[in-house]
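We did not get these values from a lab; they are worked out from the coordinates using the rules stated. Everything numeric in this text was worked out from a predicted model, so none of it was measured. Quick reminder, even Gly has a Cβ in these numbers, built from the backbone with ideal geometry, and neighbours come from all protein chains shown.
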Amino acid sequence: MTSNVLVLWDVDRTLVYVGETDRAVYREAFLQAIGREATRLPERGTGRTMPLAVRELLAANGIDHQDVERLAERIVQLLPQLLAKRSEQLRDHGQIMAGAPAALEAVHVHPDLVPTVVTGNLQRSAEIKLRAFNLDQYVDLAVGGFASDDSHRPALVGIAQRRVAARYGTAFGPSNTVIIGDSLEDVRTGAQGGARVIAVASGTTSADQLAAAGADHVLDSLSDTQALLRAIADLTTARRQ
């Protein structure tokens, strides 16, 4: 690689798995905002942004469509506050995905790579999750793309590219941006947002499904750090030629 490459990490099921904590937070936020228990929760492992998941939560639990936007705003405000109270639960019942710390560190120390995140989490929620596992040190969270910026996940790629360009003085586009994620939504985000996609079959989507969806490269896990670095180099070099 002869020029800087922007590496956009997904968070959930790529770097960390938080077990039932997210769902407990959804339940608590729904109860506080609506005054009754939720009987249905958002589907697991889809990669959709939190604001969209909250709208799904409200619709699935019989909230009138005229009230959805107002109540969704309230729940979105509550989610990071409630998650912050569960940092110990995140550590006790969650886990770091296989190979994630070494992979993060390798990208972080590489002189040609600029690591941040593009995630369906709100910015504060992403910070809480990564800090709970001491992984925030490997990414520049100030320049990422978050669901608090836009509920349309492909738009987050451009947001991160512009933020990183402003800080580091290098322009980023499809030729020098890579997303690393585990879901079909990560693949779609790269294809529509302007990035190559390294898919990791560490979530609920199989390697075959990720490849069929259009991922540029598929890994079984992050355990082989050198394979990850080679994939980043191959994808970005090939696109510039």
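Residues that are under 16 Å from the mean Cα position of the chain (by Cα), part of a helix (DSSP H, G or I) and within 27 Å of LEU57 (Cβ to Cβ): does region 94-105 have at least one?
Among the residues of region 94-105, not one is under 16 Å from the mean Cα position of the chain (by Cα), part of a helix (DSSP H, G or I) and within 27 Å of LEU57 (Cβ to Cβ), which makes the answer no.
Could you list, in sequence order, all residues of region 186-241 that are of a type in the set (D, E, K, R), farther than 21 Å from LEU104 by Cα and touching a Ser or Thr at 6+ places or on another chain (Cβ under 8 Å)?
Taking region 186-241 as the starting set, the residues that turn out to be of a type in the set (D, E, K, R) are 186, 188, 196, 208, 216, 220, 224, 230, 234, 239-240.
Pick out the ones that are also farther than 21 Å from LEU104 by Cα and you get 188, 208, 239-240.
Residues satisfying the conditions are ARG239, ARG240.
For region 115-136, state whether one or more residues are buried (at least 21 other Cβ atoms within 10 Å of the Cβ), in a helix (DSSP H, G or I) and of a type in the set (Ser, Thr, Tyr).
Yes, because at least one residue in region 115-136 is buried (at least 21 other Cβ atoms within 10 Å of the Cβ), in a helix (DSSP H, G or I) and of a type in the set (Ser, Thr, Tyr).
Looking only at region 105-114, decide whether some residue is in contact with an Asp or Glu (Cβ under 7 Å, 6 or more places away or on another chain) and aliphatic (A, V, I, L, M). Walk me through how you get there before you give the answer.
Kept after step one, since they are in contact with an Asp or Glu (Cβ under 7 Å, 6 or more places away or on another chain), are these residues of region 105-114: none.
No: zero hits.
TYR138 versus (1) over 16 Å from the mean Cα position of the chain (by Cα); (2) without any contact (Cβ under 8 Å) to a residue 40 or more places away in the chain: which is the lone unmet condition?
That leaves (1) as the condition not met.
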